[in-house]
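Right, one structure below, let's go through it.
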Amino acid sequence: MRTTAALLLLCFALPAAAQPTPDDPSTWAQTAKGVRILGGSASLTRFSGNTSALLSPRIGRLLADNLALSARVTLGYSRSTTLLDGTSSSTQLGLGPTLTYYVGEPTGDAVRPFAEGNLSLSYSRFHSDLLDALGTEADAQWSIGGGLSAGVELPIARNVALRGEAFYNVSDLTFDGEVSFYGVGVGFSTFLY
């Protein structure tokens, strides 16, 4: 958790040290080939009596104008309550690639829409009241998941954009197999020229 906090702090501190661009807002947060990206997003999702919180820092590079490839770490926690199983929870740590396509010109757009796809290899640990009652230890497993998202980035400074997105993810976090969930997230991107 300290590493994640340090990475997020570093992402906010780097824009001040990055090379300045002109004060014209149309040149802020450019998505031109070669630009490096540090960023992340966070979400809180509620679905069918379940609560899920995700934190996803990422680092990447624009491979071409408007097309970025990033490595993303996913830290997650979910909790649910049912009459049959009681309370159950899971924690997750994942790592995987993310491909982002920005719509519009690489410079000059005040609001930049994007579409994104990701894959993740995750380690999850599951705990429930039912397992406790049966005298069974918490279950842990590896899974492969993925997701799609779409949203917008709004440049707020020379190298920083606020990010809002709607997402749909599929992962393998339960004994029953595949679980899908959706929600909205907010975050930021730091562009290093």
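The values are calculated or read from the model by the stated rules, or taken from the named source; none is laboratory data. Note that the coordinates shown come from a computational prediction; the quantities given were computed from them, not determined experimentally. Cβ sites come from the backbone with ideal geometry, for glycine too, and all protein chains shown count toward neighbours. Quick note on the areas: whole protein, heavy atoms, side chains included, nothing else; ligands and nucleic acids left out. Shrake-Rupley method; radii C 1.70, N 1.55, O 1.52, S 1.80 Å.
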Two pseudo-spin positions, 7 Å from Cα along C-beta at Leu99 and at Phe47, lie apart in nanometres by 2.3 nm
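Kindly sort Ile37, Ile144, Ile59 by accessible area of their heavy atoms, largest first, with the probe set to 1.4 Å.
Details: Ile37 0, Ile144 130, Ile59 100 Å².
Most to least solvent-accessible, the answer reads Ile144, Ile59, Ile37.
For Tyr193 and Leu130 in the same chain, what is the full-extension length gain: residue separation times 0.36 nm, less their Cα-Cα distance, in nm? Provide the component values of the computation, followed by the final result.
Numbers: separation 63, 0.36 × 63 = 22.68 nm, distance 5.25 nm.
Length gained, Tyr193 through Leu130: 17.4 nm.
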Given a Förster distance of 25 Å, the FRET efficiency implied by the Cβ-Cβ spacing of Tyr168 and Trp142, rounded to the nearest 0.05, works out to 0.70
